[in-house]
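A short write-up of the structure that comes next.
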Amino acid sequence: MAIQAPKGTKDVTPAESYKWQYIEKLAREICDDFGYSETRTPVIEHTELFLRGVGDTTDIVQKEMYTFDDKGGRSITLKPEGTAGAARMFLENSLFNEPQPTKMYYLYCPVFRYDKPQAGRLREHHQFGVEVYGAPLASADAECIQLALTLLNRAGVKGLSVNINSIGCPSCRPKYNDRLKEYLGSNFDGLCATCKSRFEKNPLRILDCKEEKCKTICKGAPTILDCLCDTCAAHFEELKACLAGIDVEYQVDPFIVRGLDYYTKTVFEIIAQSESYSGTVCGGGRYDGLLEQLGGPEMPGIGFGMGMERLLLIAELSGAHFPLPRQTEVYIATMGEEARKVGFTLVNNLRVKGVKAEFDHVGRSFKAQFKYANKLGARFVAVLGDDELDRGAVKLKDMNTSEEEYVNIPALAKTIKERLD
RNA sequence: GUGGGUGUAGUUCAGCGGCUAGAGCGCCAGAUUGUGGCUCUGGAUGUCGUGGGUUCAAAUCCCAUCACCCACCCCA
């Protein structure tokens, strides 16, 4: 093959797009029920947005962004996540002047990260996510988690678990950072190179390191939950109460820190586990300081991102069934030139009346048209030959029962609809 | 960024120094010149990933390269 799709990208073929459309329809319906409206933002943003929003100590920004200079010399980045762009959109359109909260979602949002691809991890993937601004209460956090769970459940994903944590706010995290640095400092030489560089700027991320030696050191580290200020501790308790109130089972995992620096207070991950798969499908949290950090007003935010390719993969591995697309209702099989002309007019008339009708564009033999109709799963075949032309009718064959009957051409659409019910 | 595996027909794969490179599935056609599914028969499709090397002889061995898959890291 001459040209292949770039590494880490994936085509959706016409035969499988119905699965995507099904998930997208579910997501839209659920968001509508929950009162979220769709937003669409550009695939490219100024690199500056992610440096300030996502955080320049994160792996995403340090080594995974698709960044380039455009012809005007501006540094442009393909978005590596959905929140920063949504926040920029919120500020640029002065949505903070509207009554709050602002509840929005994005769907099939392309996200780019330069990383080694493998199952469920692509360089270009698509996210479904929600963003809520102007809602300080923990019930909003619980609502987001519930929205994500509702979609995952309705998509048929099995083996879900919700893990939550709080990573504090600017008033309590510095204290925790000091305690953490005090603890880690005494083991500094044992840390990996990356963690040594994280030590000054963002020691919290060291807890997230998967290097064995760092993990061992982190085991005895003080946890942030012991250091939360009264506000953050109360928020976390409120979240737990809200989740309990809607029967959402959860686990507290004090080691979740997330890969993005903008998070404050609540962070959460939804993990899917099956025999053949185990991984995060959904991750999110609260980012009360983000808008301010981007030059906007002081206004809280919360949201999550969900990888759609992963969702689809895990749903299928869970044995989920997606409703099949509508099959061809009638195939017009013709014999001879005159019948072809009449047949093409007929197929268009049927479509106008809302019948899913199909017609031969290949020049197959009459017999082959039948075979093809069968392959399409057509419920009926309307036969049009010299006999039928003389009678002004088609011979309509029910492909399930093999029964045939003559139907006058003007009555065909109506007859097919009746038979289908 | 680190480590492992695999590249042969549309697809899943067999062949692992030696005859004209094969099979299942799929595709096309015929058996049935006005009728599908099942069956039978026939057919088409390959720069054996790419480039180089070893050899009388390479899909097969060696080197390089590219792509894909997997694990780690990270993440959705």
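The values are calculated or read from the model by the stated rules, or taken from the named source; none is laboratory data. This structure is a prediction, so every number in the text was calculated from the model and none was measured. All Cβ positions, even for glycine, are placed from backbone atoms using ideal geometry, and neighbour counts span all protein chains on display.
Which count do you get for residues in segment A:355-372 that are touching a residue at least 24 places away in the same chain (Cβ under 8 Å) and either within 35 Å of the chain's Cα centre (by Cα) or outside any helix (DSSP H, G or I) (or both)?
The total comes to 6.
Which condition does A:Val394 not pass, out of (1) part of a strand (DSSP E or B); (2) without any contact (Cβ under 8 Å) to a residue 60 or more places away in the chain, if it passes all the others?
So A:Val394 meets the others, but not (2).
Being at pLDDT below 90 and either within 17 Å of A:Lys240 (Cβ to Cβ) or crowded, with 19+ Cβ neighbours inside 10 Å (or both) is the requirement here; does A:Arg173 meet it?
Taking the combined requirement at face value, the residue satisfies it.
Scan segment A:272-288 and give yes if some residue there is within 18 Å of A:Asn163 (Cα to Cα), within 16 Å of RNA strand B (Cβ to nearest atom), among the charged types (D, E, K, R) and within 16 Å of the chain's Cα centre (by Cα), otherwise no.
no
What are the residues in segment A:255-271 that are among the charged types (D, E, K, R) and either away from RNA strand B (no atom under 11 Å from the Cβ) or touching a strand residue (DSSP E or B) at 6+ places or on another chain (Cβ under 6 Å) (or both), if any?
If the condition is that a residue be among the charged types (D, E, K, R) and either away from RNA strand B (no atom under 11 Å from the Cβ) or touching a strand residue (DSSP E or B) at 6+ places or on another chain (Cβ under 6 Å) (or both), then A:Arg258, A:Lys265, A:Glu269 are the ones that fit.
Restricting to segment A:72-110, give me the number of residues that are crowded, with 21+ Cβ neighbours inside 10 Å and either within 8 Å of RNA strand B (Cβ to nearest atom) or on the phi > 0 side of the Ramachandran plot (or both).
Counting residues in segment A:72-110 that are crowded, with 21+ Cβ neighbours inside 10 Å and either within 8 Å of RNA strand B (Cβ to nearest atom) or on the phi > 0 side of the Ramachandran plot (or both) gives 1.
Please work out which one of (1) buried (at least 20 other Cβ atoms within 10 Å of the Cβ); (2) assigned to a loop (DSSP other than H, G, I, E, B) is the condition A:Cys218 fails and give its number.
Among (1) buried (at least 20 other Cβ atoms within 10 Å of the Cβ); (2) assigned to a loop (DSSP other than H, G, I, E, B), A:Cys218 violates only (2).
Filtering segment A:130-170 down to residues that are buried (at least 21 other Cβ atoms within 10 Å of the Cβ) and polar (S, T, N, Q), which residue is farthest from A:Leu228 (Cα to Cα)?
Selected residue: A:Asn165.
Restricting segment A:111-129 to residues that are among the aromatic types (Phe, Trp, Tyr) and more than 16 Å from A:Thr280 (Cα to Cα), which is surrounded by the most Cβ atoms within 10 Å (Cβ to Cβ)?
A:Phe112
Checking the condition more than 13 Å from RNA strand B (Cβ to nearest atom) and either more than 30 Å from A:Pro110 (Cβ to Cβ) or modelled with pLDDT of 90 or more (or both), which residue from A:Val381, A:Val362, A:Val347 passes?
A:Val347
Within segment A:4-117, considering only helices (runs of 4 or more DSSP H) that don't extend past its boundaries, which have at least 2 residues that are farther than 28 Å from A:Pro203 by Cα and small (Gly, Ala, Ser)?
Ranges flagged: A:17-34.
Look through segment A:329-341, keep the residues that are assigned to a loop (DSSP other than H, G, I, E, B) and buried (at least 18 other Cβ atoms within 10 Å of the Cβ), and return whichever of them is modelled with the highest pLDDT. Write out each step before concluding.
Our first condition is that a residue be assigned to a loop (DSSP other than H, G, I, E, B); within segment A:329-341, this holds for A:329, A:335-336.
Cutting the leftovers down to buried (at least 18 other Cβ atoms within 10 Å of the Cβ) gives us A:329, A:335.
Numbers: A:Glu329: 96, A:Met335: 93.
Across segment A:329-341, the extreme among qualifying residues is A:Glu329.
I'd like the full set of residues that are without any contact (Cβ under 8 Å) to a residue 40 or more places away in the chain and either within 16 Å of A:Lys158 (Cβ to Cβ) or crowded, with 23+ Cβ neighbours inside 10 Å (or both), limited to segment A:286-308. Even if it seems obvious, please write down each step before you answer.
So in segment A:286-308, the residues without any contact (Cβ under 8 Å) to a residue 40 or more places away in the chain come out as A:292, A:298.
Once the filter is applied, which keeps residues that are without any contact (Cβ under 8 Å) to a residue 40 or more places away in the chain and either within 16 Å of A:Lys158 (Cβ to Cβ) or crowded, with 23+ Cβ neighbours inside 10 Å (or both), segment A:286-308 yields nothing.
Return yes when A:Asp69 is touching a strand residue (DSSP E or B) at 6+ places or on another chain (Cβ under 9 Å), acidic (Asp, Glu) and surrounded by fewer than 16 Cβ atoms within 10 Å (Cβ to Cβ) and no when it is not.
It is true that A:Asp69 is touching a strand residue (DSSP E or B) at 6+ places or on another chain (Cβ under 9 Å), acidic (Asp, Glu) and surrounded by fewer than 16 Cβ atoms within 10 Å (Cβ to Cβ).
All but one of (1) closer than 25 Å to A:Lys240 by Cβ; (2) crowded, with 19+ Cβ neighbours inside 10 Å; (3) within 16 Å of RNA strand B (Cβ to nearest atom); (4) among the aliphatic types (A, V, I, L, M) hold for A:Leu311; which doesn't?
For A:Leu311, the exception is condition (1).
Let me spell it out: the conditions are (1) touching a helix residue (DSSP H, G or I) at 6+ places or on another chain (Cβ under 9 Å); (2) closer than 14 Å to A:Thr328 by Cβ, and A:Asp386 meets all of them except one. Which number is the exception?
(2)
Failed condition for A:Glu309, given (1) closer than 27 Å to A:Arg88 by Cα; (2) part of a loop (DSSP other than H, G, I, E, B); (3) in contact with a strand residue (DSSP E or B) (Cβ under 7 Å, 6 or more places away or on another chain); (4) not small (Gly, Ala, Ser), with all others met?
With respect to (1) closer than 27 Å to A:Arg88 by Cα; (2) part of a loop (DSSP other than H, G, I, E, B); (3) in contact with a strand residue (DSSP E or B) (Cβ under 7 Å, 6 or more places away or on another chain); (4) not small (Gly, Ala, Ser), A:Glu309 is out only on (2).
Of the residues that sit in segment A:392-401 and are within 8 Å of RNA strand B (Cβ to nearest atom) and under 13 Å from A:Ala373 (Cβ atoms), which one is farthest from the chain's Cα centre (by Cα)?
In this case the residue turns out to be A:Lys397.
Quick one: count up the residues across segment A:289-306 that are part of a strand (DSSP E or B) and more than 12 Å from RNA strand B (Cβ to nearest atom).
So the count comes out to 2.
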